[in-house]
Each structure stands twice: as structure tokens, then as C-alpha cells.
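Data first, discussion second: the structure below is written as C-alpha cells.
A short reminder: the numbers here are calculations on the coordinates, not readings from a lab. Computed from a predicted model, the values in this text were never measured in an experiment. As a convention, Cβ positions derive from the backbone with ideal geometry for all residues, glycine included, and neighbour counts pool all protein chains shown.
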């Protein structure tokens, strides 16, 4: 189904008999799947109960796309899904997966609940992470096999990971490359060094989008994907990310970390198709420059 279907109820009935009589090309299992996936809307609201009572004048919409739960809608946007993987646009403030302090309100748990609502045996698997305070595009696998394919061939499969960073100060260089070696201290703090024997190579490219007296907007591309890499490299550049007190920022003008994962491009691990997803620069970022 590629377009929404809207139907009008003319008599007193319940939802399942109405759908069976109206959607003659759909089997009972197909209709149950539509209900589970929150694709049946009664007067604009998703309904999952097959015995929901209908009255004359009710408007029934069969949506071509799945509708997310309230918790999901408040914390992330579902960008793409197929039987192998899911791409989301995560809000700032949401953990990718559980930590010692937060076990439940995570992208992983919310997405797990969503896929299990489609079928109880469905599972979701972490492929990569975004920091809690970073917003933007993330990918999850729907099987252990796909997770393994993506992680094992990450550098070959992922063709672009681009971020937008709101940084402190006026960046005068139109573009540049930052190379260093990143390591984690015993206190679990990430550090950058020029000594190749102390850490792992990290390479970050940046391009100036717009520059102002107090803040600048940069497009940042990762050639490697080390923990806190962009945050460390922006500090090293002398332009810490706005709101990033951990890595040298002195201000927090937008009430969050000024980092957004804006582009995720990769070769689909099963179909071989080139996939590219983009997320708009947050309006708060643009207003600062």
C-alpha cells in the first residue's frame, strides 16, 4: 500500500468486521498487522483494538506508514525501516542505550518496544551510538546477522557520516583537517595527543558553513569514529562546541550540546543499495549565527 485510504462508517459496527468488508483484498492477518502497526486511524487517532466500536459518520483512515507511540514521538523520529534495519532521528538528551543511571528511557528501549508491538519476537540491535546530548541520525539492525555485517565492514559500508556543529568563537578558516591520537584515561575521560603510541588515530574534517563574532556553524565529517572525537577535536581547534563544558566550552546558548548528526550514508548490508539520509540543521543552531 503506497497511499492512505479513507473510509466512512455508515452503520453501527465494530472495527474488525468493518475492515474485513471494506478491504476485500486484505486477509485477516494483513488487517491484524495494520492494527498492530498503528496504521488504522479512527477520526485521526491510531486504534489497535479489533473490537473498537464504530458509529455512523466515523472516518477510518488506513495509513500507508506506521504510526509511532507517544513516547517514541517525543524522543525520536522514525526515518526509515525495512526488514533488516531501522534509521531514526534522535532528540538531544536521549541515551542511545542504557547506562548505570538510566535503564529505560533510551533509544534502544523505545525502538525495542516499537518493533515488538509489530511482532513479539522482533528484536533490535545497536550498530553505533550517539552521545546523549547529540541529536540526529542513528541506525539499528533488526538481526544479529545484519548487526555483524554492518559492524564488521563499517568503514566500507558507511560512505558518509556528517555532523553540524555550533562552536564558540569566529572560525576564520574555510575548511581544515584535524588529526590526533585519542585515548581514554583511567578516570574514563577522553584525551587527544600527538603521540601515536598513546592512542588511536582520529581524523576529522570540517567546513565552515557560516561564521559570526560569537559562534560559528561548521559541517564536520568523520574519517574515523572514536568516542567524543568531534568534541575533542573542536576543543583542539580552539572552538569548543557550544554547551560542551566537558571539553572547554564557556557558554551554553541553546541549552544543549551544539552537535547534530545531519547525514548518514551507507551501502545496505543485504540489498547492496546505496542509502542516504539527511536531517535538517536545528533551527536553534542557525539562530546563533
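Points to keep in mind about this one:
- Relative contact order (%) - criterion: Cα under 8 Å, at least six apart; region: the range 216-255: 23
- With the highest mean first, a sort of the peptides 261-270, 162-171, 21-30 on other beta-carbon atoms found within 10 angstrom per residue produces 162-171, 261-270, 21-30.
- Compared with the dominant principal axis of the Cα atoms in the chain, helix 107-118 is inclined by about 20°.
- Calculated FRET value between residue 245 and residue 91, using beta carbons and R₀ = 22 Å, to 0.05: 0.65
- Highest average first, the peptides 276-286, 228-238 ordered by how many other beta carbon atoms sit within 10 Å of their residues are 228-238, 276-286.
- The mean sequence separation of alpha-carbon pairs under 8 Å and at least six residues apart, normalised by the residue count of the chain, gives a relative contact order of 14 percent.
- Residue list for the range 33-57, given a label point 7 angstrom along the Cα-to-Cβ vector of residue 73 and an amide N cut-off under 17 Å: 35-49
- Whole-angstrom Cα spans of the chain along principal axes, big to small: 74, 41, 37
- The chain: calculated mean residue ellipticity at 222 nm from DSSP helix runs of at least 4, using -39500 (n - 2.57): -5500 deg cm²/dmol
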